[in-house]
Amino acid sequence: MSKLYVKRGLVMEGGAMRGMFTAGVIDVFMENEITFDGAIGVSAGATFGCNVKSHQIGRPIRYNCNYCKDYRYGSAKSFFKTGDLFDVEFCYHELPDKLDVFDTDTFTKNPMEFYVVATDVEAGEPVYYKCYDGKGKDIEWIRASASIPLVSKIVELDGKKLLDGGISDAVPLSYFESIGYEKNVVILTQPDDYRKSKNKATPLCKIVYRNYPKFVELFANRHDRYNENVEYIRKKEKENAAFVIRPKEKLAVKSAEKDPEKLKAAYELGRAAAIEAIEERGLKEWLNL
């Protein structure tokens, strides 16, 4: 690779079913042959964003609409029955292996790097993992990245205890820059005027995770870290060092949304934002495509 070559990256925020916005954006990217050297996803940005490497246009919106009303796909019943809001066996095995097959062959052959972010609950810090084949360990890391505190079991993997990557590094632009990605498109799932407030569940977190004091501190201060993170992204955007795509207003979807029409609406907003980025904001030119 020439020293003059600038690596192009894609950074995808999480946000549970707000990730349908991201799904809409990446579908338009794939339809328009907008490619990246690497991508990194957090939580829903990992579970839905991995489809950009397997090049499966329409897959996230399809299976979310098809199965959103299944109790195993995000419900109190699933939580009380299994300890996970999103049933692990259904979401990470039956669905991608049988019901809406994840194309691991294309995922493996695609030279684009794909990373996910999880949070080490013992160390109270983010952990970054590079996926390889979309199977086995990769799926477990994606699951760890999306395991929401208080409604998910801790995922034990590679000698670490892991939960939602959004707790420690919700939008990992700085990390991607640190490993050589200089020209990054960032997909946010909150509008520009959004500021995160202190989580009301912090007192409960202190009880449930009392054996993990560093994680409790991380959870309690998440809002400050998130807001600082987004300010950094805004700074990079103003400097033309990052290209940001975000919804113009708050998305009308719940974390475990059961209304397919609301999921489709968020998806269509993502598509519209991506089309605007291409046709009116010069995304392809910015990426030198």
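The values are calculated or read from the model by the stated rules, or taken from the named source; none is laboratory data. Remember, predicted model here, so these are calculated numbers, not experimental data. When we count neighbours, we look across all protein chains shown, and the Cβ atoms used for this are built from the backbone with ideal geometry, even at glycine. Remember, those area values only see protein heavy atoms, side chains included, never the ligands or the DNA or RNA. Shrake-Rupley method; radii C 1.70, N 1.55, O 1.52, S 1.80 Å.
Rounded to the nearest 20 debye, what is the charge dipole size of the range 64-108 about its Cα centre when +1 sits on each Lys and Arg Cβ and -1 on each Asp and Glu Cβ? Write out the running numbers ahead of the final one.
Details: 5 positive and 9 negative charges, 70 e Å.
So the magnitude is around 340 debye.
Heavy atoms only, probe 1.4 Å: what % of the accessible area of the range 189-289 goes to carbon and sulfur, would you let me know?
Details: 3020 of 6150 Å².
In the range 189-289, the share of accessible area belonging to carbon and sulfur is 49 percent.
Counting alpha carbon pairs within less than 8 Å and at least 6 residues apart, what relative contact order, in whole percent, applies to the range 175-289?
On the way: 83 pairs, mean separation 36.8, N = 115.
Normalised by residue count, the contact order of the range 175-289 is 32 percent.
Please work out whether the chain counts as rounded, prolate or oblate from its C-alpha gyration tensor, where a ≥ b ≥ c are the square roots of the eigenvalues and a/c under 1.5 means rounded, while otherwise a/b larger than b/c means prolate and anything else oblate?
On the way: a/c = 1.42, a/b = 1.24, b/c = 1.14.
It comes out rounded by the Cα gyration axes.
Give me the distance between the Cα centres of the range 5-26 and the range 193-225, rounded to whole Å.
Using only Cα atoms to place each centre, the spacing works out to 24 Å.
Rolling a 1.4 angstrom probe over the protein chains, ignoring ligands and nucleic acids, what is the accessible area of ASP37 in square angstrom, nearest 10?
Solvent-accessible area, nearest 10 Å²: 40 Å².
Using r as the Cβ-Cβ distance of ASP224 and GLU156, and R0 as 45 Å, what FRET efficiency do you calculate, to the nearest 0.05? Show your work: numbers first, answer last.
Working: r = 29 Å, r/R0 = 0.64.
With R0 = 45 Å, the Cβ-Cβ based efficiency is 0.95.
Among DSSP bridges having both ends in the chain, what percentage is antiparallel? Round to the nearest 5.
Numbers: 14 of 33 bridges.
Antiparallel bridges: around 40 percent, rounded to the nearest 5.
Under 8 Å for C-alpha pairs, at least 6 residues apart: give me the relative contact order for the chain, rounded to a whole percent.
On the way: 552 pairs, mean separation 78.2, N = 289.
Computed value for the chain: 27 percent relative contact order.
Please compute the net charge surrounding ASP37, taking Lys and Arg as +1 and Asp and Glu as -1 over other residues with Cβ under 11 Å from its Cβ. Don't jump to the answer; show the numbers that get you there.
On the way: positive: LYS7, ARG8, LYS183; negative: GLU113, GLU182.
It works out to a net charge of +1.
Order GLU249, GLU140 by their accessible area, 1.4 angstrom probe, all chains in place, largest first. Working shown, then result.
Details: GLU249 130, GLU140 40 Å².
Listed by decreasing accessible area, they come as GLU249, GLU140.
Which of GLY134, GLY159, GLY14 moves the most in a Gaussian network model of the chain with Cα springs under 10 Å?
With Cα springs under 10 Å in the chain, the top fluctuation among GLY134, GLY159, GLY14 is at GLY159.
Multiply the residue separation of ASN66 and ILE275 by 0.36 nm, subtract the distance between their alpha-carbon atoms, and state the gained length in nm to one decimal. Write down the numbers at each step before the final one.
Numbers: separation 209, 0.36 × 209 = 75.24 nm, distance 2.53 nm.
Result for the pair: 72.7 nm of gain on full extension.
From the Cα gyration tensor of the range 121-268, with a ≥ b ≥ c the square roots of its eigenvalues, which class applies: rounded if a/c is under 1.5, or else prolate if a/b is larger than b/c, or else oblate?
It comes out rounded by the Cα gyration axes.
Would you kindly state how much longer the chain becomes between GLU122 and GLU217 on full extension, computed as 0.36 nm times their sequence separation minus their alpha carbon distance, in nm to one decimal?
Values: separation 95, 0.36 × 95 = 34.20 nm, distance 1.12 nm.
The GLU122-GLU217 span can extend by a further 33.1 nm.
Identify, among ILE26, ASN221, TRP286, the residue whose Cα sits farthest towards the positive end of the charge dipole of the chain, taking +1 on the Cβ of Lys and Arg and -1 on the Cβ of Asp and Glu, with the dipole about the Cα centre.
Farthest along the dipole direction, towards plus: ASN221.
Which distance in nm do the two modelled labels at VAL208 and GLU94 give, with both placed 7 Å along the Cα-to-Cβ direction?
2.4 nm
Picking from ILE167, ILE233, ILE40, which is most flexible by a Gaussian network model of the chain using Cα springs under 10 Å?
Highest fluctuation among the options: ILE233.
Work out, step by step, the length gained on full extension between ASP133 and ASN32: first 0.36 nm times the residue separation, then minus their alpha carbon distance; give nm to one decimal. Intermediate results must be reported in sequence, preceding the final value.
On the way: separation 101, 0.36 × 101 = 36.36 nm, distance 2.46 nm.
The span from ASP133 to ASN32 would gain 33.9 nm if fully extended.
With θ taken as phi - 60° and the coefficients 6.51, -1.76 and 1.60, list the Karplus ³J(HN,Hα) couplings across the range 77-85 in order, rounded to whole Hz; mark glycine and proline as x.
Once rounded to whole Hz, the list reads 4, 4, 4, 6, 7, 10, x, 10, 4.
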